[in-house]
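Asker: Take a look at the following structure, please.
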There are 2 protein chains.
Amino acid sequence: MSAEFAFEVTARDGRARCGRLQLAHGVVQTPAFMPVGTRGAIKGLTMAQLNDLGAEIMLANAYHLHVRPGDEAIARAGGLHAFTGWKKPILTDSGGFQVFSLAGRRTVSDDGVVFQSHLDGRSLALSAESVTDIQMRLGSDVAMVFDECTAWPVTRDEAAAAMQRTLRWARRARERFGVIARGEAPEIPRATPGQAQFGIVQGSTFQDLRDESVGGTVAVGFEAYAIGGLSVGEPPELMYEVAGQTAAQLPEMAPRYLMGAGMPNDLVEAVARGIDLFDCVLPTRNARNGQLFTQDGPISIKNARYADDQGPPDPECGCPTCRTHSRAYLRHLFMSGEMAGSTLNTVHNLHFYLDTMRRIRKAIEFGILADFTRAFLDRYSRGARH
Amino acid sequence: MSAEFAFEVTARDGRARCGRLQLAHGVVQTPAFMPVGTRGAIKGLTMAQLNDLGAEIMLANAYHLHVRPGDEAIARAGGLHAFTGWKKPILTDSGGFQVFSLAGRRTVSDDGVVFQSHLDGRSLALSAESVTDIQMRLGSDVAMVFDECTAWPVTRDEAAAAMQRTLRWARRARERFGVIARGEAPEIPRATPGQAQFGIVQGSTFQDLRDESVGGTVAVGFEAYAIGGLSVGEPPELMYEVAGQTAAQLPEMAPRYLMGAGMPNDLVEAVARGIDLFDCVLPTRNARNGQLFTQDGPISIKNARYADDQGPPDPECGCPTCRTHSRAYLRHLFMSGEMAGSTLNTVHNLHFYLDTMRRIRKAIEFGILADFTRAFLDRYSRGARH
C-alpha cells in the first residue's frame, strides 16, 4: 500500500477544522494525536495494543533509530513498517530536537551538526540531506525536515539565526527529497515511495521571526507544515498565542502540526487555534510514573488513598484498564513495580488522549467546539475530584 | 461461580494421564502448566494477554500478597479474582518456599516461622493456621498448605525433621481449613467458598522419607497432593526419579502437582511419570532476559547474529509474537530496553509452555506419549539450530 498524500478539510468550526489526511499507509482523521514510539515501540505497549486503542498514526524518531539499530538495518528489514509490525502511518521526527536537547558536545554549522551520541559518545554527523536519506531508508509516511530547535527563553538573535539556518536546511532537505523521490538516488532504498515531507517553522516566541519562517518555509513548499520550538518551557498562554498566530499564516489546505504538545488542555486550546496534529510523551511517560489522566484532571495512582479504592481509575472511561481493574489493583501494581501496571496505565492514558481527539472532532462536526472547549477546560482545571 | 472440586481422569497412556480438574472458578485440563503471577500479576503481561494465550489457571503467592498489599486488603476487594481481574482458577502457593529461600533471619519451631520480610525487614510470623486463613481471605481456588522446604543437598536428619514438621503442620492446616469451611470461623471472609486445599509431600531425595511423607499426608486427606522440595538444585535425573516414585505412591484419583519444575524437557519427563500440574518462573523470567524457548531448544535474542534476521523467533510457532515480529525487531527491543520486548518474549514463552501441554495432552489421548516424548526430547536436546 502506498497511496498519494492528500488532505481534505471535512468540517470547520471557527478556526478549527476536521480533516481527512491520506498518507501512504492509510487515512488519519484530524485533529489527531500521535502516540510516541521513539525507538519503534510504544513504551509499555505492543503494536496490537496500540492498534486496539484505535490509534491511526504513530510517531518514531529518526535520530534514535539511526543510532540504534541503524536506518540501514531497518531498510534491510523492508522499512519501519515491516520492522515494527505497525501497519498504519508512521511519522518520523528528524531528530533535530533530540540533537539539540540530548546529545553531548556539538558543533553546528550550515553543513549540519557534528555531535556525540547520547548512547555511547561516538561522534555522529547529521545534515539536512543525510536526515532526509535516513528517513527515506526508514520508509515513514511522513518525514520531518532537520531543524535547529532553540530552548526557551532564547535571545532574538539566537532565535533568528536558528530560524534562518532551519530555512536554509529546509531548501536543501526538499531538494534532496525531490532527487530521491524522482528516483535519481537509486542507492537510497525507498520502502515507502509515497512518503511526504513536512517543513518546520521556527522563530521561538518572536512573532515576526515566526512570520518570516512561515513565508520562507511555505515558499520552499512541503506537503504540510509543523510548528517547532514550542512546548519547550514557555508559559502555556504564550504557546497558544504563538501557535495560533503562526497557524493562521500557514496555508489553509495543508495540515498543521504543533510539535511536542502537550497536556490535555493544550490539545483543545490548540485545536481551537487551527492545529491538526499533535505528539507528546506525556500520556506514556506519566503512565509509567503512576499518573492517570481523567476528565477531572490527573490522579496519582500511588496515593495511599487508593489502597482500598475498588472503583475504576476513571468511572466515565471505557478503556480496557477501566473496564477491568480497580484503583486499588493499579496502585498495588505500581507499588510492586509490576510491568503490567505501566502497561495498564499507558493503555488508559493513550485511550484518554485518543478519545479526547475523537470528542474534539465530533464537537467540530457539530459546530459546538467553543462549548466543548469551555466545558472541558473548566472540568479539567478544577482538578481531580478524587 | 463456585463449583465443587472434582477431578476426573479422561485418558491414560502408561503412567501419564489426562484429566478434567473442576475448580471453583472453572475447569483446568491436565496435564497443565500454571503461569506464575506471584504478586497477582504475570510479569510483563496483562490479564487479557494471559487469557488470550489460553491459560486456564494462574498461580499467585500467599506470602508475597500477605506482605503487600495484604490479604485483608484483598479480602476487602472481594478476593484475588475481583482484585486482579483474572476470572479463571487461581492456585496460591503458601509461601513456605519463599520463607525458606527469600526471607531474612528466621526462627522455625512447631508453632511456625518468625522471620524478616524480604521487603522491609519487619518481623512477620506465619503458621499452619495463619497461612490457611490468609489463603481463605485471598479466595484462591486452591490453597497450598504451609510447608518446610529444604534446599538440596540436605542431610537425611534435616530432611526428615522438615518432612515431619510439614506433616504436623499439614494436620493443623487441614483442621483449620475444615473449621473455616464449615463456617465456624466467621471472622475469616471467604471469597471462594469452594476453595480446595492441597497437601505437600516433602523428604528431599530420600525415597523412604518421601514414602513416609506420602503416607502421612494422604492419611490427613486433601483434595490433591503436591511434591515439594524438588527442582531446588538436584540433577534432573534425580528429580525425575523421585517425582516418579513419589507420584506412584499417591492416590490415583487425585491430581499430582510437581512444584517449581521446570524446563520444557522436565514437563514431558514428569508427565510420563504421572504428574498433572506444573508451575515455573522460567518462561516468564527468561523472557525478560531475552531467552526464547523453541522446539529446537532455547535461543538468546540478544545474540548479534539476529540483528538482520527477518524471520520469526520460532518458524513453527503460531503465537502473536511469532506471527507479527522478527528476531531483528525483538533483538532491537531487547538491546534498547523497551518493555514491549519483555512482553512479546513472555507471550511467546508462555505460549510455548501452554502449547507444549496441549500437545502432551493430545499425545496421551492418542496413546502415543512415548513417541512424542522421545521426539520432543531428541529435538529439544539437540539445541537451537539457529
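Asker: Give me the net charge for the shell around B:Ala328: Cβ to Cβ below 10 angstrom, other residues only, Lys and Arg +1, Asp and Glu -1.
Answerer: Values: positive: A:Arg76, B:Arg327, B:Arg331; negative: B:Asp308, B:Asp309.
In short, +1.
Asker: For A:Gln310, which inter-copy label distances result when the label point lies 7 Å beyond Cα on the Cα-to-Cβ vector, reported in nm to one decimal and in ascending order?
Answerer: Copy-to-copy label distances at A:Gln310, shortest first: 5.4 nm.
Asker: Would you mind pulling out the separation of the Cα centroids of the stretch A:237-256 and the stretch B:204-223, in Å?
Answerer: Taking the Cα centre of each part, the stretch A:237-256 and the stretch B:204-223 sit 78 Å apart.
Asker: Moving on. Would you compute, from DSSP H runs of 4+ residues alone, the mean residue ellipticity of chain B at 222 nm, taking -39500 (n - 2.57) per run and dividing by the full residue count, rounded to the nearest 500?
Answerer: -13000 deg cm²/dmol
Asker: A:Arg20 to A:Ala6: extension gain in nm, 0.36 nm per residue of separation minus the Cα-Cα distance?
Answerer: On the way: separation 14, 0.36 × 14 = 5.04 nm, distance 0.80 nm.
Using 0.36 nm per residue and subtracting the Cα-Cα distance, I get 4.2 nm.
Asker: Mind grabbing the base-10 log of I(q)/I(0) for the stretch A:338-386 at q = 0.17, 0.18, 0.31 Å⁻¹? Debye formula, identical points on the C-alpha positions, no solvent, two decimal places.
Answerer: -0.65, -0.70, -1.05
Asker: So which lysines pass the test for A:Lys43, namely a Cα distance under 22 Å, with those fewer than 8 places away in the same chain ruled out?
Answerer: Those lysines meeting the cut-off are A:Lys87, A:Lys88, A:Lys302, B:Lys43, B:Lys302.
Asker: Something else: From other protein chains only, count the Cβ atoms within 10 Å of every residue's Cβ in A:86-97, then give the mean. Can you show the working numbers first?
Answerer: Numbers: counts 1, 1, 0, 0, 0, 0, 0, 0, 0, 0, 0, 0.
Shielding by partners across A:86-97 averages 0.
Asker: I'd like the antiparallel share, as a percent to the nearest 5, of DSSP beta bridges with both residues in the stretch B:191-307. Show your work: numbers first, answer last.
Answerer: Working: 2 of 11 bridges.
Antiparallel bridges make up about 20 percent of those DSSP assigns within the stretch B:191-307.
Asker: Using the heavy atoms of the protein chains alone and a 1.4 angstrom probe, what is the accessible area of the stretch B:1-54 per residue in square angstrom? Walk me through the intermediate numbers first.
Answerer: Details: 1990 Å² over 54 residues.
For the stretch B:1-54, the solvent-accessible area averages 37 Å² per residue.
Asker: Compute the label-point distances linking B:Lys87 to its equivalents in the other copies; points lie 7 Å from Cα along Cα→Cβ; give nm, one decimal, shortest first.
Answerer: In nanometres, ordered from closest: 2.7.
Asker: Still on this structure: Could you please point out the chain A residue with its Cβ nearest to the axis of the rotation taking chain A onto chain B, and the distance in whole angstrom?
Answerer: For chain A, the closest residue to the axis carrying it onto B is A:Met339, 3.
Asker: Using all C-alpha to C-alpha distances in the stretch B:1-92, build P(r) with 5 Å bins and read off the rounded percent in each one.
Answerer: Once binned at 5 Å, the Cα pair distances of the stretch B:1-92 give 3, 13, 22, 22, 18, 12, 6, 3, 1, 0.
Asker: HN-Hα J couplings of the stretch B:79-87 from phi, Karplus 6.51/-1.76/1.60, θ = phi - 60°, integer Hz, Gly and Pro as x?
Answerer: x, 4, 5, 5, 5, 8, x, 8, 8
Asker: How far, in degrees from 0 to 90, does helix A:327-336 lean away from the longest principal axis of the Cα atoms of chain A, to the nearest 10?
Answerer: For helix A:327-336, the angle is close to 60 degrees.
Asker: Let me ask another. Pick out, from B:Val114, A:Gly37, B:Gln164, the residue whose Cα sits farthest towards the positive end of the charge dipole of the protein assembly as shown, with +1 on the Cβ of Lys and Arg and -1 on the Cβ of Asp and Glu.
Answerer: Positive-end residue among those listed: A:Gly37.
Asker: Which angle between 0 and 90 degrees, to the nearest 10, do you get for helix A:236-249 versus the longest principal axis of chain A when only C-alpha atoms count?
Answerer: That helix lies at roughly 50 degrees to the long axis.
Asker: While we're here: With label points built 7 Å along Cα→Cβ from the Cα atoms of A:Glu365 and B:Arg305, find their separation and express it in nm.
Answerer: 5.4
Asker: Still on this structure, I have one more. Label position 7 Å from Cα toward Cβ: report the copy-to-copy distances for A:Met253 in nm, one decimal, ordered from shortest.
Answerer: 8.3
Asker: Right, next: With a cut-off of 8 Å between alpha carbons and a minimum separation of six or more residues, what is the relative contact order of the stretch A:211-275 in percent?
Answerer: Here the relative contact order equals 41 percent.
Asker: How many partner chain Cβ atoms sit within 10 Å of a residue's Cβ in peptide A:322-328, on average, as a whole number? If you can, show how the numbers build up before the last one.
Answerer: Numbers: counts 0, 2, 7, 5, 6, 0, 7.
The per-residue average across the peptide is 4.
Asker: Please identify which residues in the stretch A:268-301 have an amide N closer than 19 Å to a label point set 7 Å out from the Cα of A:Trp152, following the Cα→Cβ vector.
Answerer: What the label zone holds, given the 19 Å backbone N cut-off, is A:268-283.
Asker: To the nearest whole number, what is the average tally of beta carbon atoms from other chains within 10 Å of the beta carbons of peptide B:63-72? It would help to have the intermediate numbers written out before the result.
Answerer: Numbers: counts 0, 1, 2, 0, 1, 3, 9, 2, 0, 1.
Across the residues of B:63-72, the mean count of other-chain Cβ atoms within 10 Å is 2.
Asker: Using the alpha-carbon atoms, what tilt in degrees (0 to 90, nearest 10) does helix A:128-138 show relative to the longest principal axis of chain A?
Answerer: 60
Asker: Expressed as a whole number of Å, what is the distance separating the alpha-carbon centroids of the stretch B:261-313 and the stretch A:179-200?
Answerer: With the stretch A:179-200 and the stretch B:261-313 each reduced to a Cα centre, they are spaced 42 Å.
Asker: Can you compute the charge dipole magnitude of the stretch A:245-349 about its Cα centre, using +1 on each Lys and Arg Cβ and -1 on each Asp and Glu Cβ, nothing else charged? Give it in debye, rounded to the nearest 20.
Answerer: Numbers: 9 positive and 11 negative charges, 66 e Å.
Result for the stretch A:245-349 is approximately 320 debye, rounded to the nearest 20.
Asker: Let me ask something else. Quickly rank A:83-92, B:364-373, B:195-204, A:228-237 as a protection proxy: mean count of other C-beta atoms within 10 Å, highest first.
Answerer: Numbers: A:83-92: 23.8, B:364-373: 16.5, B:195-204: 27.8, A:228-237: 19.5.
Ranking, from highest mean packing down: B:195-204, A:83-92, A:228-237, B:364-373.
Asker: How big is the C-alpha Rg of the stretch A:179-255 next to the rule-of-thumb value 2.2 N^0.38 Å, as a ratio?
Answerer: Values: Rg = 15.3 Å, N = 77, 2.2 N^0.38 = 11.5 Å.
Normalised Rg, Cα atoms only: 1.34.
Asker: Moving to a separate point now. Between A:Ala125 and A:Leu377, what length comes free when the chain is fully extended (0.36 nm per residue of separation minus the Cα-Cα distance, one decimal in nm)?
Answerer: Numbers: separation 252, 0.36 × 252 = 90.72 nm, distance 4.35 nm.
Contour length minus Cα-Cα distance gives 86.4 nm.
Asker: While we're here: Whole number in Å², please: accessible area per residue of the stretch B:213-310, 1.4 Å probe, ligands, DNA and RNA not counted.
Answerer: Values: 3040 Å² over 98 residues.
Averaged over the residues of the stretch B:213-310, the accessible area is 31 Å².
The values are calculated or read from the model by the stated rules, or taken from the named source; none is laboratory data. All of these numbers come straight from a predicted model, not from anything done at the bench. Methodologically, a virtual Cβ is constructed for each residue, glycine included, from the backbone with ideal geometry; neighbour enumeration extends over all protein chains shown. Keep in mind that these areas ignore ligands, DNA and RNA; they rest on the heavy atoms of the full protein, side chains included. Shrake-Rupley method; radii C 1.70, N 1.55, O 1.52, S 1.80 Å.
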